[in-house]
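One structure is given below, encoded as C-alpha cells.
Every number here is computed from the coordinates shown, using simple stated rules; none is lab data. If you're wondering where the values come from, they're calculated on a predicted model, not measured in any experiment. Ideal geometry is used to build each Cβ from the backbone, glycine not excepted, and the neighbour counts take in all protein chains shown.
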Amino acid sequence: MMGLLLVLACGPSTDPERLSQALDPSVSLSRALRGCERIKGEDAQGDCLSAAVELREGTELEDCQSITSERWRNECIFVLAERLGRSDVAAGITLCEETLYVRECLFHLIRDKAKGATGLAPIEAEAALVPFWSVRRVPDASIMFWKEWVRHTVRSLDQPVPSDLCVGLQDSDGCEAGLKKGRNQMLRGVPKAQRCARIEAGQAILQLKDERQAVELNPMELVEIQRSCAASKR
C-alpha cells in the first residue's frame, strides 16, 4: 500500500502514463505539461505538449505565460496561436508575435489558411491571405501562401492548378513567385529519369493521378528540363 501511495504522489512514472495524463482534459494544463516535459525525446515531448493545449479549449495566454520553462512557455503560446488562428486569424497573429518563434508561428497560420482556401477560385482564396499583408515579420506572406495552395491543390485534392492562377489578383507578383516555388518543389519530387521519359512520351511532367497535367511549366523551365534530358543521352 505504501508503494502505491508513493507512485500516486509522484504522479505518472512512464511515458505512456504521462501522455495519457496530457490527453485527459480534467487534468490541469500545468500538471499535464510537467508530465510532458519528463517524456523522453523532443519530438515526443512536443507532441504531448500540442495535445495538452489542443484538448483544453479554455487555455488562454495567461496559462501559457505562467509556465516557468521558457521553451515550454513559447511552445504553449505557439500551439495556442495555431488553434485560435483557425477561427480568428487576427487573434492568432497577435499570439504569434508573443513567441520567440514568430515567423514559424505565422507560417503555420498561413499554411492553414492556404489549405482551407484550396478548392476556391483564386480571387476568393486570396481573401484569406489579406490579414497577413500588414504583418512586418512575413513580407513574403503571398509567396508562402500560394506555394502551399498550389502544393495542397495538387497533392491533397488531386486537382490541376489554373493556368491563369495569378491573373487579376491584388498581389499577382507574390502569387507568381509562390507558384514558381510550388512548381519547383514538385519538380524535385519527380526523378530525372521519369521527367525525361514523360517528355519523350509527350506527357506532362507534373501529373495528377489520372496523368493529366497538374501544373503548367513556363517555357523556360520546360526548355531547361529538355536540355538536361538531351545532355544525359550523349
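Structure notes:
- Here the dipole of region 12-100 is about 260 debye; that uses its Cα centre as origin and unit charges on the Cβ of Lys and Arg (positive) and Asp and Glu (negative).
- With Cα atoms defining each centre, region 89-118 and region 162-176 are spaced 22 Å apart in the structure.
- Residue order, fewest to most surrounding Cβ atoms within 10 angstrom, among MET144, MET220, MET186: MET220, MET186, MET144
- The long axis of helix 172-188 is offset from the longest Cα principal axis of the chain by roughly 90 degrees.
- Neighbourhood net charge (14 Å Cβ-Cβ; Lys/Arg +1, Asp/Glu -1) for ASP63: -1
- Remark: region 26-33, residue by residue, has Karplus-estimated 3J(HN,Hα) of 6, 7, 4, 4, 4, 5, 4, 5 Hz, where x stands for each Gly or Pro and the curve is 6.51 cos²θ - 1.76 cosθ + 1.60 at θ = phi - 60°.
- Along the axis of the charge dipole computed for region 14-148 (Cβ charges of +1 for Lys and Arg, -1 for Asp and Glu, origin at the Cα centre), the listed residues ILE77, PRO122, VAL138 are led at the positive end by VAL138.
- Shown is the FRET efficiency for SER232 and ASP164, computed with R0 = 45 Å from the Cβ-Cβ distance and rounded to the nearest 0.05: 0.85.
- Within-13-Å neighbourhood charge of ASP164 [Cβ basis; K, R +1; D, E -1]: -2
- Dipole orientation for the chain: of the candidates ILE110, LEU49, GLN226, GLN226 has the Cα lying most toward the positive pole (charges on Cβ; Lys, Arg +1; Asp, Glu -1).
- All aspartates and glutamates inside 14 Å of LYS209 as judged from Cα atoms, apart from same-chain residues fewer than 8 positions distant: ASP158
- Likely footprinting exposure, THR68, THR94, fewest C-beta neighbours within 10 Å first: THR68, THR94
- Here, P(r) means the percent of Cα pairs in each 10 Å bin from 0 to the largest distance; for the chain it is 7, 25, 23, 20, 15, 7, 2, 1, 0.
- Size descriptor for region 113-234, Kirkwood hydrodynamic radius: 15.2 Å (Cα pairs only, one decimal).
- All alpha carbon pair distances within region 12-100 were sorted into 5 Å bins beginning at 0; the resulting P(r) in whole percents reads 3, 17, 28, 25, 17, 8, 3, 1, 0.
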